[in-house]
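Please treat every number below as a calculation from the coordinates, not as lab data. Just so it is clear, the model here is predicted, and its values are computed rather than measured. Virtual Cβ from ideal backbone geometry, glycine too; neighbours counted across all protein chains shown.
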Amino acid sequence: MNIEWILSNYGVLLPEAVLTLFAFAIILIGLKYRSILGYLAFVGGVVSLGLVIMNFSVNATLLYNSLVFDPLSQFFKVVFLLVTLLTIIASLRYYHGNAHQGEYYFLLLIATVGMMFVASANDLVSLFVAFELGSIATYVLAAFDKENPRSIEAGFKYFMIGALSSAILLLGMSLIYGITGTTNFTALSQMSFEMSGYTLAALVLIIAGLGFKMALVPFHMWAPDTYQGAPTVVSAMLAAGSKKMGFVAAFKLIVLALIALRTEWYMVFAVIAVITMTYGNLVALTQRSLKRMLAYSSIAQAGYIAMALVVVSYTHVDSVVNLAMGGALFYILSHAFMKGGAFLAVGTVGYMLLRDKIKVDEDDIDNFSGLSKTAPITAFSLTVFLFALAGIPLTAGFVSKLLIFSAAIYGGLAWLAVIAILNSALSLFYYARVVKVMYWDKPKFDLKGEPTAYVVAVLLALLGTVLLGVYPGPFVDVAMKVAEVFL
Amino acid sequence: MMFTISAMILIPFIGALLASIFRGGAKAIALVFSLVPLVISLVMYQQIHDPSTLSYVEHYGWISALGISLKFGIDGLSLPLLILTGIVFPLTIIYSWRLPYTPQVFYPLMLVLESALIGVFTALDFIIFYIFWELTLIPLYFVIGMFGGPKREHAAIKFFIYTHVGSLVMLLGVFALYFESGIGSFDLLSLIGAFATLPTDLRNIIFAAILFGFIVKLPSVPLHGWLPDAYCEAPTPGTVVIASLLSKMGAYGILRISLPMLPAVPSLTLFVKIIAILGVVSILYGAFLALAQTDLKRMIAFSSVSHMGYVLIGVASFSALSLSGAMFQMFSHGLIIALLFMLVGVIQSNTGTRMIPELSGITNKMPIVAFLVMGGFLASLGLPGMSGFVAEFLTLMGAYPSLPVYVLLALVGVLITASYYIWAMQRALFGPYNENLGEVKDVGAIQMLPMAILLGLIILFGLHPAPILKLFEAVAVFVEVLI
């Protein structure tokens, strides 16, 4: 049991180990030195990200095949860590001087560790435990501004519905175990199921349980309230990172483990995807709170990503599955930048209002009037993020939609692509409205300068959004390569 | 030679970045950088050997998984449009020199627009074409929304969403073409070539979807709903660019993509009939709408619908003569409409109104403007000796053998066009001076310069169309052989 033996066998766990170590170190150091905690968390995130990228094309299983380390898990870990890093950078300013910083960064890192384990789970039990670890930490984070009743409400609602859906998910998983006698994904994927009342119940329960995390309609009710009430930096993390935990779990369970059943789910997913994108876009049209609007837009985006599940359950042609899943993965990466960036940009404005002691609802659309004059970098970046979410060319959003919509057409689901494209056109309306307010209305408040930490985070997200839009080739290739796991 | 087209696309974009950084020099930077594409396109004009085939082709990878690559090239169809783009942008920038637009915002937007337009006219990969096509909307959305007239918010969003939906329909058609043909590449020419191999009923749908996107942009009746608002609410430079260049994107798309597909369309006769009817209805309906307007800007906006109808006639004619006339109409209309909208801008800013009944006898006070208006109107109604005549005459003459009825109807349109222009001229320019207008100044030298250049070019190409026409003819003959 020397160190080399550990490294050669458990070395793939290093990113998670590093992050956990940093999390506990932060709690301890936070007792005495508060000002360095954010930077410490950042360093932890960067080291962990470096380790994941170094080990990107690994292929290993650990702990009796309950954890798997493959390009798919590494891809999602990269997404989670990128979002966490962006959140940490912005939090450097938002939680500067806060007495409970230690707990905040601890929870942030632990949530990330949980999400990373979800990405690596290869067993119903390890999936559920990791899922809970990733969720419970975010419940607390959502309620972290404990003087703000909205934040409390956000956390409470998120927790109640989250706990319920975990129970539902667990019930679905136990039914699967009851039917098959195994909890391992590899074993499950080789089973042949018979359609019965039990399998049907299991399917419904699992879809409901995971649909909550992905915020698919009709399991989305918590999302607008939570995203609006939670501290904006946390909303960014929830929408851009934590939501993807639901997607990776769904991909693993539905596309990989229950491969024998997925044909039965095609219509269910089709209905959910269509309702999710349409409902999200329609409700977003009328929102005055920008965080709510982004929440509904996030629901709509989940609908687009869920199209990949529809396509892979409809057709089993390898090239179609590869394109659909590759598209979904690329979309998830892009969405992390676009949505994370949009929330952080909204957070920047909220922070400036707070700092300049202007007492208004932090995210009302009126606050954004004439933002191009008072906060030009934030206004420009938010414009790019919103256009990216609408799928305008030369942004990550365009390439994502290009891939996923073309996968739908390739798979013979042209009607689904038509609905998605109409939705995409509809969404332009509410995104363009915000741009209009920022660029050609008169400034309402006199804001004094943009906070550096926020600007750095927003610009990094902007860089990601534009890079993936202008030079997508290598990233698409990586996503397609990773998606070969699903074949 | 390697990076000629990339340079053409990138240089205005770099100019936009510089102009947004150096506020003081924004105008000068914009002028210099907008001139570069003109210089490059003139050099290309000098060196191009065979305008019927592609030259200056550039090819780089982009998304290999889907077979999308950055492919650019020019031929006799795109080169004149590049020259037109190169002419109109610097002139518009000179025209805007003294206008009160925030320089570090307005000029970068114009330069980005120029980049995007050059991209549209040179792209040889469908997705890249689509990207530039959509990219033109963003700067215009801001130009209309930030610097436009009283109803600009409504106009900007309507323009944006209307044409965006049109483009999305087109994109769907191309997706279907790409996946059904299974060629694994979005290369424009390969896709068009693969079109004939598809199942028959699918070919009709795909052709219709792609045509739809182009017709919205052209625009043709009945899809012209975005046009009056966008044209009238946009600030003058914006209107000039939309009318002169953006509408050519639709025409260019039809000629570059739809026309070569047309022979393989199963319901060929039906589609030809539809295109011809759309053309004639646009010519007539646009002209009648123009006749009814009291707002000078609206009148010219509708005249634009009418004139773009000729392009559709040329497409439906299946004759090289008519086709080259229709192509020349794109070039000629681009110059004429730019002049007309610039003039309306001057009249409005100097007299305070652009309503025809309120403008009376302004010849006395603004002789230069009146002279230019007369020149522009006569050019637009097709007076021999000016470029509009060459274009419309060729289009109609070439189309007569195959579409006699439509040509006769279009001739009625010519008549109405003449009436609304002459009638407007009579009411607005001549007669007793409307004293309510007060003391009115004539146009200043800076704004006169671009307009005089445009009128000069209109007359030059009216008397001697060959330099541009020969490029179009080379392409048109080639297309006719194809058909």
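Taking trypsin sites (Lys or Arg not before Pro) across the range B:139-219, the ones in a DSSP loop with at most 14 further Cβ atoms lying within 10 angstrom of their Cβ are B:K151.
Summarising the amide proton neighbourhood of B:G149: residues at separation of 5 or more, or on other chains, whose placed amide H is nearer than 5 Å comprise B:A234. Tell me whether the range A:363-487 comes out rounded, prolate or oblate; compute the Cα gyration tensor, take square roots of the eigenvalues as a ≥ b ≥ c, and use a/c under 1.5 as the rounded threshold. It comes out oblate by the Cα gyration axes. Annotation for B:I459 and B:E358: the two label points, set 7 Å from Cα along the Cα-Cβ direction, are 3.2 nm apart.
Whole-Hz Karplus values for the range B:227-235 come out as 5, x, 5, 4, 5, 7, 8, 5, x Hz, taken residue by residue from phi with 6.51 cos²θ - 1.76 cosθ + 1.60 and θ = phi - 60°; glycine and proline positions read x.
Within 10 Å, at most 13 other Cβ atoms, and a DSSP state outside H, G, I, E, B define an exposed site. Report the longest part of chain A free of exposed trypsin sites (Lys or Arg not before Pro). Maximal segment without exposed cleavage sites: A:147-287.
For A:K442, the aspartates and glutamates whose Cα falls under 12 Å of its own Cα, not counting residues fewer than eight places away in the same chain, are A:D366.
Here the extension length gained between B:A7 and B:V477 equals 166.2 nm, from 0.36 nm per residue of separation less the Cα-Cα distance. On the basis of the beta-carbon distance and an R0 of 45 Å, A:L200 and A:N2 show a calculated FRET efficiency of 0.30. For A:S369, the residues 5 or more places off, or on other chains, whose built amide H falls under 5 Å of its own are A:K444. What separates the Cα centres of the range A:320-364 and the range B:94-108 is a distance of 33 Å. Simple point charges give the picture: +1 on the Cβ of Lys and Arg, -1 on the Cβ of Asp and Glu, and for the protein assembly as shown a dipole about the Cα centre of about 1520 debye. Applying a DSSP loop filter and a limit of 11 other Cβ atoms within 10 Å to the chymotrypsin sites (Phe, Trp or Tyr not before Pro) in the range A:31-121 leaves A:Y33, A:Y64. Between B:I21 and A:E484, the FRET efficiency estimated from the beta carbon spacing at R0 = 30 angstrom works out to 0.10. Between A:M160 and A:V125, the distance separating the two model label sites (each 7 Å from Cα on the Cα→Cβ line) works out to 3.3 nm. Can you bin the range A:13-261 into rounded, prolate or oblate? Criterion: square roots of the alpha carbon gyration tensor eigenvalues sorted a ≥ b ≥ c, rounded for a/c under 1.5, prolate for a/b above b/c, oblate for the rest. Oblate shape, in that a/c is at least 1.5 and b/c is the bigger or equal ratio.
Computed from phi, the 3J(HN,Hα) profile of the range B:101-108 under the Karplus parametrisation 6.51, -1.76, 1.60 (θ = phi - 60°) reads 9, 3, x, 6, 9, 5, 5, x Hz, with x in place of Gly and Pro. Shape of chain A from its Cα gyration tensor (a ≥ b ≥ c, root eigenvalues): rounded if a/c is under 1.5, otherwise prolate when a/b > b/c, or oblate? Cα axes put chain A in the oblate bin. Exceedance of the 26 Å cut-off in Cα-Cα distance is limited, within the set A:K213/A:K444; A:K244/A:K481; B:K158/B:K441; B:K27/B:K71; A:K357/B:K158; A:K213/B:K158, to A:K213/A:K444; B:K158/B:K441; B:K27/B:K71; A:K357/B:K158; A:K213/B:K158. Rounded to the nearest 0.05, the FRET efficiency derived from the C-beta distance between A:Y177 and B:S52 at R0 = 56 Å is 0.20. Centroid-to-centroid, using Cα positions, the range A:40-102 and the range B:384-461 are 66 Å apart. By the count of neighbouring beta-carbon atoms within 10 Å, fewest first, A:I377, B:I127, B:I356 end up ordered A:I377, B:I356, B:I127. Distances between placed amide hydrogens fall under 5 Å for A:D123 paired with A:F185, all partners being 5 or more residues away or on another chain. Backbone phi angles across the range A:93-101, fed through the Karplus curve with coefficients 6.51, -1.76 and 1.60 (θ = phi - 60°), yield HN-Hα couplings of 8, 5, 9, 4, x, 5, 6, 10, 3 Hz in residue order; Gly and Pro are listed as x.
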